[in-house]
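Participant: Supplied in structure tokens, the structure appears directly below.
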Amino acid sequence: MFRSRSKDRAATSPDPATMASKKPKHSRTHNTKKPSPSRSKHVPALLLMLLFVLILLVAFVIFSHQVRTKGTPSAKDITSFLHKTVKSFDGLGEKEQQWTEVISWEPRAAVFHNFLSREECEYLIGLAKPRMEKSEVVDSTTGKSVDSGVRTSSGTFLTRGHDKIVRSIEERIAKSTFIPVEHGEGLHVLRYELGQMYEPHFDYFLDEFNPKNGGQRMATVLMYLSDVEEGGETVFPDAKGNISAVPWWNELSECAKKGLSVKPKMGDAILFWSMKPDATLDPSSLHGACPVIKGTKWSCAKWMRVNEYQV
Ligand SMILES: *[C@@H]1O[C@H](CO)[C@@H](O)[C@H](O)[C@H]1NC(C)=O
């Protein structure tokens, strides 16, 4: 069994004693007629592996250079990054290029550009229009919906899975947020007319009744179904970071300049989290809808719960 080093290195044929002692261990994978690999045979394999790693490195350098030189509009904020997504579009209408822009980490918020097609926006407005009712807010002690001056819009809920088009939008939201469709409330279509707004609030519940079905609200996807000529921005007054670093800063209304704001654009959506990753409530998710100064604003919210939400 004992062999000298030089002999071992030079060996090209298996030693019968070694083979015999190894055989039971490898009986399922090794053929007795095949010689077991020796050190000299490892050299070409190692060279091949090195070559492979080298090719990978070169490919990576070329790829990262291409990505860097492509150039996309940026929020110029150190806390933001852009992520281009090439998704297959299964929805209604024409697909436009979609990309994701993280706008804040506190709260965690991102813009999904061209999340909905124009046709989908028009379809949702058409579904909701005949059923609009004055919006209400949740009373934090009773958990009941009440009429309030802090929210002057109109709205209506569309049942989850309402139809094929609604389902495809709901599936897109689930894929983009990693929150299952079953955790979502029905889509809530909202209309804000001249001067209408929603004062800064949290999407999570402060009462104990509403979380009974589905638990707390964890995240929100807010889709803009129309452009708004002036005003109507979504504002996060308590967002950390440089709020004036957004590229659209100069187009914002006075109300919107009081925080980190997103200007409504038909088809765009924002995702923000009302909970931190440790499942505690995130007060920096405070947000409001600025008054519409010119035009009409249509939006659509998807609120997502921690658990399955029964419809
Ligand atoms: C915030 O961003 C703006 C625009 O990029 C820049 O001019 C300004 O200096 C920044 N402020 C701070 C405090 O970093």
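Participant: If we scan region 190-199, do we find a residue that is within 16 Å of the ligand (Cβ to nearest atom) and either touching a residue at least 40 places away in the same chain (Cβ under 8 Å) or touching a helix residue (DSSP H, G or I) at 6+ places or on another chain (Cβ under 6 Å) (or both)?
Facilitator: No - not one qualifying residue is present in region 190-199.
Participant: Let me ask something else. For region 280-311, what are the residues that are part of a loop (DSSP other than H, G, I, E, B) and either at pLDDT below 95 or not charged (D, E, K, R) (or both)?
Facilitator: Once the filter is applied, which keeps residues that are part of a loop (DSSP other than H, G, I, E, B) and either at pLDDT below 95 or not charged (D, E, K, R) (or both), region 280-311 yields Thr280, Leu286, Cys290, Pro291, Gly295, Thr296, Val306, Asn307, Tyr309, Gln310, Val311.
Participant: Moving on. For Lys257, are the conditions met, namely being of a type in the set (Lys, Arg) and part of a loop (DSSP other than H, G, I, E, B)? Explain how you work it out, then say what you get.
Facilitator: Working: of a type in the set (Lys, Arg): yes; part of a loop (DSSP other than H, G, I, E, B): no.
Taking the combined requirement at face value, the residue does not satisfy it.
Participant: Still on this structure, please answer the following. How about region 258-310: which of its residues are aliphatic (A, V, I, L, M) and surrounded by 22 or more Cβ atoms within 10 Å (Cβ to Cβ)?
Facilitator: Of everything in region 258-310, those that are aliphatic (A, V, I, L, M) and surrounded by 22 or more Cβ atoms within 10 Å (Cβ to Cβ) turn out to be Leu260, Val262, Ala269, Ile270, Leu271, Ala289, Val292, Met304.
Participant: I've got another one for you. Taking Val235 as meeting all but one of (1) within 27 Å of Glu308 (Cα to Cα); (2) in contact with a helix residue (DSSP H, G or I) (Cβ under 6 Å, 6 or more places away or on another chain); (3) buried (at least 21 other Cβ atoms within 10 Å of the Cβ), write down the number of the exception.
Facilitator: Among (1) within 27 Å of Glu308 (Cα to Cα); (2) in contact with a helix residue (DSSP H, G or I) (Cβ under 6 Å, 6 or more places away or on another chain); (3) buried (at least 21 other Cβ atoms within 10 Å of the Cβ), the lone unmet condition for Val235 is (1).
Participant: Within region 126-140, is even one residue small (Gly, Ala, Ser), surrounded by 14 or more Cβ atoms within 10 Å (Cβ to Cβ) and modelled with pLDDT under 95?
Facilitator: There is at least one residue in region 126-140 that is small (Gly, Ala, Ser), surrounded by 14 or more Cβ atoms within 10 Å (Cβ to Cβ) and modelled with pLDDT under 95.
Participant: Then there's this: Could you please find all residues in region 88-118 being part of a loop (DSSP other than H, G, I, E, B) and of a type in the set (Asp, Glu)?
Facilitator: Across region 88-118, the qualifying residues are Asp90, Glu94, Glu96, Glu106.
Participant: Let me ask you something else. Of all residues being among the β-branched types (Val, Ile, Thr) and farther than 17 Å from Thr280 by Cα in region 204-256, which is farthest from the ligand (Cβ to nearest atom)? Just the residue, please. Quick ask: steps written out before the conclusion?
Facilitator: Quick first cut of region 204-256, residues among the β-branched types (Val, Ile, Thr) only: 220-221, 228, 234-235, 243, 246.
Imposing the further condition that a residue be farther than 17 Å from Thr280 by Cα reduces the set to 221, 228, 234-235, 243, 246.
Numbers: Val221: 27, Val228: 23, Thr234: 20, Val235: 17, Ile243: 8, Val246: 9 Å.
Going through the qualifying residues, I end up with Val221.
Participant: Which ones in region 141-169 are part of a loop (DSSP other than H, G, I, E, B) and buried (at least 17 other Cβ atoms within 10 Å of the Cβ)?
Facilitator: If the condition is that a residue be part of a loop (DSSP other than H, G, I, E, B) and buried (at least 17 other Cβ atoms within 10 Å of the Cβ), then Thr152, Ser153, Arg160 are the ones that fit.
Participant: If you check every pair at least six apart or on different chains, which have Cβ atoms under 8 Å apart with a residue in region 231-257 that is more than 16 Å from Ala109 (Cβ to Cβ) first and a residue that is more than 9 Å from the ligand (Cβ to nearest atom) and of a type in the set (Phe, Trp, Tyr) second?
Facilitator: Taking only residues 6 or more apart or on different chains, the pairs are Gly232/Tyr192.
The values are calculated or read from the model by the stated rules, or taken from the named source; none is laboratory data. From a predicted model like this one, the values you see are computed outputs, not experimental measurements. Positions of Cβ are generated from backbone atoms using ideal geometry, with glycine treated the same way; all protein chains shown enter the neighbour counts.
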